[in-house]
Amino acid sequence: MNVIVDAGKCCGAGQCVLLAPDVFDQNEDDGIVVLLDATPPEALRAAVREAAEVCPAAAITVEERP
Amino acid sequence: MTDTLSAAGGETAGVPEFPMPRAARCPFDPPPGLRSLQEEGPLARVRLWDGSTPWVVTRYAEQRALMADPRVSADITRPGYPAQAPMPKGSFASFILMDDPEHHRLRRMVQAPFTVKRVEEMRPAVQRIVDDLIDAVLAGPKPVDLVEAFALPVPSLVICELLGVPYDDHDFFQDNSKTVIRRDAAPEERAAAGARLNAYLDDLVGRKLAEPADDLLSRLTGRIEAGELSRAEAAQMGVLLLIAGHETTANMIALGTLALLRHPDQLALLRESDDPKLVAGAVEELLRYLNITHSGRRRVALEDIEISGQVIRAGEGMIMANDIANRDPEVFPGPDDLDLRRDAPRHVAFGFGVHQCLGQPLARMELQVVYSTLYRRIPTLSLATDLDRVPFKHDGQVYGVYELPVTW
Ligand code: HEM
Ligand code: SF4
């Protein structure tokens, strides 16, 4: 799995951090998403998919690699 | 066109009025009229107070798609915007009623204290506030109005501290906020209340400019001095945050408590568990089930938008009725059941798209602390009146109860 975030789209609502705090963080100054781990381990992948699904700004893209 | 619901050409007969009334016996359920529209299809026409006939979007999938669509505008000054009520001249609304890039520019300036981590740091302080207020309730006479004694003070104290607003002024800002968000307040009345809040925040910003402290308003004065923000913009954001920061959460506390008292098996889950996961899930389910922002998200199309076999024309208004989308049986099986163990984080009670609630981490944390503390500390909490006599906020832009007499 490869995770891409688009900080330009992010509105900082923090849903991704709630779901997968080891993969996503928020910038301290303006709450914009910071990607901590672009290739998360198996155990976190369901939460990352969920984060991409609930992200209100469509700022998270998940590429599933075979 | 043979579609009777499409009211183009001013033909509005048969188009239902919006907002719709709830059923008298079901104060927690969305209006039955919305349920019927949802069963017929994802979009329908409704008629507003001014005779206009915007779309109401009733299903979850279509709502999410439209709220996230950049061709959909939240700008209240655009023709076709489906206003809740007559708009007073010189309104004070901030970025909640603006589009990007202006919306994004302003929202980013106030986001810092609302990040998940910063909010988590505030949890012990909120727990203390909640414990102290419960101590006071238990030491006082009964019955007591839970709204006045607990539901309003909790989020008001928190947002005051965060913004740098003196809590001693709470009667002033709570009363004026109530008027601003009352659907049936006369336009002049609402304008006057808004102007009073605006003048109050402007004055506070002035004082923070002279004497900055460690709070959000003071940080905004830094932006003013750097020429990135006008004083008027700062005051307007202050008004938005102050109103949004206390009215909503207060209603969730009081209405949530009433809903739990009516569902004793669900209340027992919270009273008997200290599992933070269960509590967090309960908060999401209560947000979904109660969906207190029952006036719908208001939007207007910037271009023609095709969706589910319909075309929303450029300049047409849309109302995303989140309350009925959160009861969409396609997404939430048994949607009208309050089920605290349901996994419902995908609800749209905070909206969706770039306007999704800025304060949601704070609201979640406050509600988690409240719901996990109140019923454990007052296990015999009960309603001190008949459900019929509880004054519901049918006339509010935000739903809730005006009073909640409780005893124990
Ligand atoms: C349970 C409590 C709350 C609920 C149900 C709630 C609900 C909502 C909803 C539905 C929206 C979207 C408006 C739209 O799209 O038109 C919104 C936006 C907003 N909320 Fe909340 N809210 C709550 C608590 C808070 C708190 C505690 C704050 C703190 C200051 C807050 C601040 C805001 C702000 C500033 C916006 C505008 C965001 C934007 O336009 O970008 N809310 N809220
Ligand atoms: S969920 Fe989306 S919008 Fe919210 S902080 Fe994460 S990336 Fe940004």
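Is there a simple number for the mean count of other chain Cβ atoms within 10 Å of the Cβ of residues in B:103-115, and what is it? Intermediate results must be reported in sequence, preceding the final value.
Values: counts 1, 8, 0, 0, 5, 8, 2, 3, 12, 7, 1, 5, 12.
Averaged over the peptide's residues, the number is 5.
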Considering only B:R376, B:R389, B:R271, give the residue with the highest GNM mean-square fluctuation for chain B, with springs between Cα atoms whenever their separation is below 10 Å.
B:R389
Using Cα positions and a limit of under 16 Å, work out the lysines in reach of B:K178, with same-chain residues fewer than 8 apart set aside.
B:K393
Using a Förster distance of 51 angstrom, determine the FRET efficiency expected from the C-beta separation of B:E17 and A:T61, and round it to 0.05.
0.75
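Considering every residue in A:56-63, what mean count of other chain Cβ atoms within 10 Å of its Cβ is obtained?
On the way: counts 13, 8, 4, 1, 0, 0, 0, 0.
Average neighbour count from other chains, rounded to a whole number: 3.
With the contact rule set at Cα under 8 Å and sequence spacing of 6 or more, what percent relative contact order holds for the range A:2-63? Could you put the intermediate results ahead of the total?
On the way: 106 pairs, mean separation 28.4, N = 62.
With pairs under 8 Å counted, the relative contact order is 46 percent.
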Built amide H within the under 5 Å cut-off of B:G396, gap 5+:
B:R183
If you take each beta carbon of peptide A:12-25 and count the beta carbons of other chains within 10 angstrom, what is the mean?
5
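Would you mind ranking B:H394, B:H104 so that the residue whose beta carbon has the fewest other beta carbons within 10 Å leads the list? Kindly include the intermediate steps, with their values, before the conclusion.
Details: B:H394 13, B:H104 21.
The most exposed by this proxy come first: B:H394, B:H104.
Let me check against my output: what whole-number percent is the relative contact order of the range B:193-275, with C-alpha pairs under 8 Å and at least 6 apart?
Working: 39 pairs, mean separation 19.5, N = 83.
With pairs under 8 Å counted, the relative contact order is 23 percent.
Counting other C-beta atoms within 10 Å, and keeping those with at most 15, which DSSP coil GluC sites (Glu not before Pro) do you find in chain A? Please list the in-between numbers first.
Details: sites: A:E28, A:E42, A:E50, A:E53, A:E63, A:E64; in loops: A:E28, A:E64.
For GluC sites (Glu not before Pro) across chain A that sit outside H, G, I, E and B with at most 15 neighbouring Cβ atoms in 10 Å, the list reads A:E28, A:E64.
Given a Förster distance of 25 Å, report the FRET efficiency between B:A93 and B:D168 from their Cβ-Cβ distance, rounded to the nearest 0.05. List each step's numbers first, then the result.
Details: r = 27 Å, r/R0 = 1.06.
Here the calculated transfer efficiency is 0.40.
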Separation of the B:R389 and B:T407 label points, Cα + 7 Å toward Cβ, nm:
1.0 nm
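For each of A:C10, A:C55, B:C26, B:C357, count neighbouring Cβ atoms within 10 Å of the residue's Cβ, then give the residues from fewest to most.
Values: A:C10 28, A:C55 25, B:C26 11, B:C357 22.
In order of increasing Cβ crowding within 10 Å: B:C26, B:C357, A:C55, A:C10.
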Using Cα atoms only, what is the angle between the long axis of helix A:42-54 and the major principal axis of chain A, expressed in degrees (0 to 90) to the nearest 10?
50 degrees
Taking the Cβ of each residue in B:M67, B:M87, B:M109 as the centre, tally the other Cβ atoms inside 10 Å and list the residues starting with the fewest.
B:M87, B:M109, B:M67
Residue by residue, what Karplus-based ³J(HN,Hα) values in Hz, rounded to whole numbers, does the range B:317-332 have, using 6.51, -1.76 and 1.60 with θ = phi - 60° and x for Gly and Pro?
x, 9, 10, 8, 7, 4, 4, 7, 5, 6, 10, 6, x, 5, 10, 10
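Bear in mind these aren't lab numbers, they're just calculated from the coordinates by the rules spelled out. Nothing here was measured: the structure is a model prediction, and the numbers come from that model. Quick reminder, even Gly has a Cβ in these numbers, built from the backbone with ideal geometry, and neighbours come from all protein chains shown.
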